[in-house]
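The values are calculated or read from the model by the stated rules, or taken from the named source; none is laboratory data. The model shown is predicted, which means the values in this text are computed figures rather than measured ones. All Cβ positions, glycine included, derive from the backbone under ideal geometry; neighbour counts span all protein chains shown.
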Amino acid sequence: MVNLRTEGRHALDEVSAMSLRPEFVTLASAEGANVRDLCRRFRVRPKTGYKWLARHADGGPAALADRPRQPLAPPARTAPAVERAVLELRERHPAWGGRKLRRRLLDLGGAGVPAASTITAIRRRHGRPGGRAGEPRDWVRFERAAPSERWQRDFKGHSAPAGPGRCHPPTVLDDHSRYAPAVAACGDERDATARGHPVALFRRSGLPDRILCDNGPPWGAAGAGGGPAAWSVWRRRRGAGVSHGRPDHPQAPGTDERFHRALNAEVIRGQTFHDLGACGSRFETWRAGYNHERPHESLGPAVPASRYRASDRPYPAALPAPGYGPGDGVRKAGADGTIGFRGRPWKVGEAFRGHPVGVRPCAEDGRWSVHLGTQEVAAVDVRVQNQGSQ
């Protein structure tokens, strides 16, 4: 039976379309015919009635037959060469989505690069779904105004099997460009590792103004007694500030956390490495691609290398001495983190062992502040009978 697109039920609904349409056209083509009135009587929309008249004028009675609903021409298919380029790039970067793949193809100078939605359809048509690590975007990003103004640094954790042990990758990410100056392969997360690993990086890339870390070891407070970590003291002595996220909030370096998700999805997940050397080699290969090939959506989407430059603050060849005034009493912290002052030992923190600190009087009588350079790190009160620090 026929669908006349009627506005209500009518006996004419039971009549063949091929008998109604010629009749309607004959009546509507008569001199002085009121087409809209005929549409009401035939219970069809005016748009449908005028369509029948136009078809009849172009092709006669045969043109009034139902037409197939598929388009007259098949939709344009992506060129086979373009599809191959999409699939080859997808093979190299299985965690990339349509937008990243499209941007990279444009950067490579490809001709006829389709829309991101078409690239996604190509992947799905060839059984290559996915494209994102799967975790929600839950980190708030705060972009710094210039490269090397602030870096984020963290250990990803014991995330990759490497030989008999596991790899603990320390990562560094620039807060302005999203450039990754370093992704290393370390066997642990001890304080000595945290201090030793970045020396080559600082010599190559210079010193950032500040480094943001979380509060966990080895970055945060040292031991149950609190105080700064040895790594933090080591870093300040070399001329850069250190800041930490809120306590009990390890997601504070959010950009680096998002970087860790990409590292896990594109390199680590499901992999076992022969040893730390093999792990480090794979990290370096991926880091080069991340910095110079992988489009970053927050950059428009440019690659991080397009916005990064090395710091103009060189790593000091010799450890600079902290600057103290003539009124400061300079003391060197012992192996247990104590200094001698007014004939008594005072605890300033194990992180300061071997470092010279300055002691200067406060406005309050009997109270003294302990400084590392210009930063106050502890206080002593000579009015307290037992040794201690505040």
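Got at least one residue in region 24-35 being of a type outside the set (Gly, Ala, Ser) and modelled with pLDDT under 85? No; the residues of region 24-35 include none that is of a type outside the set (Gly, Ala, Ser) and modelled with pLDDT under 85. For the criterion of being surrounded by 13 or more Cβ atoms within 10 Å (Cβ to Cβ) and modelled with pLDDT under 85, residue 299 passes.
The one condition from (1) within 40 Å of the chain's Cα centre (by Cα); (2) within 14 Å of residue 379 (Cα to Cα) that residue 305 does not meet is (2). Cβ separations smaller than 7 Å between residues 6+ apart or across chains give the following pairs from region 282-298 residues that are assigned by TED's automatic domain parsing to the domain that holds residue 171 to residues that are part of a helix (DSSP H, G or I) and at pLDDT 90 or above: 291/304; 291/305; 292/305; 296/304.
Here 123, 84, 103 are screened, and the one residue that is closer than 22 Å to residue 269 by Cα and either at pLDDT 80 or above or assigned by TED's automatic domain parsing to the domain that holds residue 268 (or both) is 123. All conditions but one from (1) at pLDDT below 85; (2) assigned to a loop (DSSP other than H, G, I, E, B) apply to residue 20; the one that does not is (2). When restricted to residues that are under 13 Å from residue 24 (Cβ atoms), surrounded by 14 or more Cβ atoms within 10 Å (Cβ to Cβ), without any contact (Cβ under 8 Å) to a residue 24 or more places away in the chain and not basic (Lys, Arg), region 37-66 contains 3. In region 308-323 there is no residue matching the filter, namely being surrounded by fewer than 18 Cβ atoms within 10 Å (Cβ to Cβ), small (Gly, Ala, Ser), at pLDDT below 90 and over 28 Å from residue 373 (Cβ atoms).
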